[in-house]
Amino acid sequence: EAPPAHTSTAATTPVVDVDMMSQTLALCDHIIGLYGLEMFNFEYSSGKLVSVGLGPDTKSDEGDVESQNSAPRLFIKRRTQESDDENDYYTKDAAESYDRLTNQTRDDYLAASPIEPGLSVAGLLWSEMSSSHGIGQGHGGQDSVVWRDVQEIADDPDQPYDERLQHLAKAGFTLAAGIPFDCNGYKGIVVIYGNPHGSRSKLNDPINVRFMVHVANLLGSVAAIRTPLDQQKEFRRLEAYNNWHRLKIKLLAVVWFGGATKKMPEGKKQTGLGKDDEKMDRRSSLQRLQDASARLRTDFKQTVSEVKDSVRSKATRWAKKCQGGNAGIPPSFTWTATMWSFAGILITQ
């Protein structure tokens, strides 16, 4: 028998669902000189870097956590100056490229596709970090990052043409640094896009860089725990269902073998706990089980009383039989009859 699907929790105590990804991204407000960031997970099976959704864990009407495929891939703290029509660096082409990178409703939206190490911004930064530090090794105390010019990467003749890379450079995301992470084997890289027009000293300040590194590692941990968290929720749901199922079977067995249903009217028997009543809600089930327990207690008291009466009756009859059953003793023999009886028995034996 398959476990039931998720049911509505409107009648039960609400469970607080902490959106860890949104809370972690909120920390980015403290990073100086940040335009935005995106995160990639290294997929061992394909050997590629796969973009990770950075949106909140949205839920369907049934309560299931929906796929992160529709979540934003490029987190934006602030618009690039090239795409801001109130800025002196604004260009129409930059604004168009920015919209194609961030507006998921567009038909020509530029989604991040899996990237080979060494290609595009994320792949190149991943290869450089892997060769210089080892994949995800020793970045807890990192206080400096290497910034790369995205426009130079886009113009590199050794790089294959990448439409998204070209539009990243055109939209103003021209300054990028990579921070790798490794959370129990879940490896990847967070690409930080900085403001190339801002103060480099503030952007590269060790305090600011260390905070970026911690945020990147925290983002990696949040992404890494998504799958185990979903598995744990499903495990607990199955455990709760199995415990409830076992409890119901035991109580049904007690009710059946204890004879609690033999004195119930036929109408109540049909509305009791049966296999045709699988869709009843938890409160109704508990109420029915409480009624069954009450009937068991009543029947048990009645059975004990009947046993006591039966034992008392049998003991009384046994005591009377031991006393002869109120029958009188036979009349006494005369001495002559006694001697004749003795002689007869002696001769015949």
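Quick look at the values:
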| item | result |
| --- | --- |
| Ordering of 168-178, 41-51 by burial proxy (mean other Cβ atoms within 10 Å per residue, highest first) | 168-178, 41-51 |
| Accessible heavy-atom area order of Phe181, Phe211, highest first, probe of 1.4 Å | Phe211, Phe181 |
| Which listed pairs, of Lys92/Lys202; Lys248/Lys301; Lys248/Lys314; Lys250/Lys308, have C-alpha distances above 31 Å, in listed order | Lys248/Lys314 |
| Stretch gain in nm, segment Tyr44-Arg210, where the contour uses 0.36 nm per residue and the Cα spacing is subtracted | 56.9 nm |
| Surface accessible to a 1.4 Å probe, Ile225 within the full protein complex, Å² | 80 |
| Estimated inter-spin distance, Thr336 and Ala253, nm [label 7 Å along Cα→Cβ] | 8.0 |
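The values are calculated or read from the model by the stated rules, or taken from the named source; none is laboratory data. Treat the numbers as computed from the prediction; the structure is a model and nothing was measured. Every residue, glycine as well, gets a Cβ built from its backbone with ideal geometry; the counts of neighbours run over all protein chains shown. Side chains included, ligands, DNA and RNA excluded: accessible areas come from the protein's heavy atoms. Shrake-Rupley method; radii C 1.70, N 1.55, O 1.52, S 1.80 Å.
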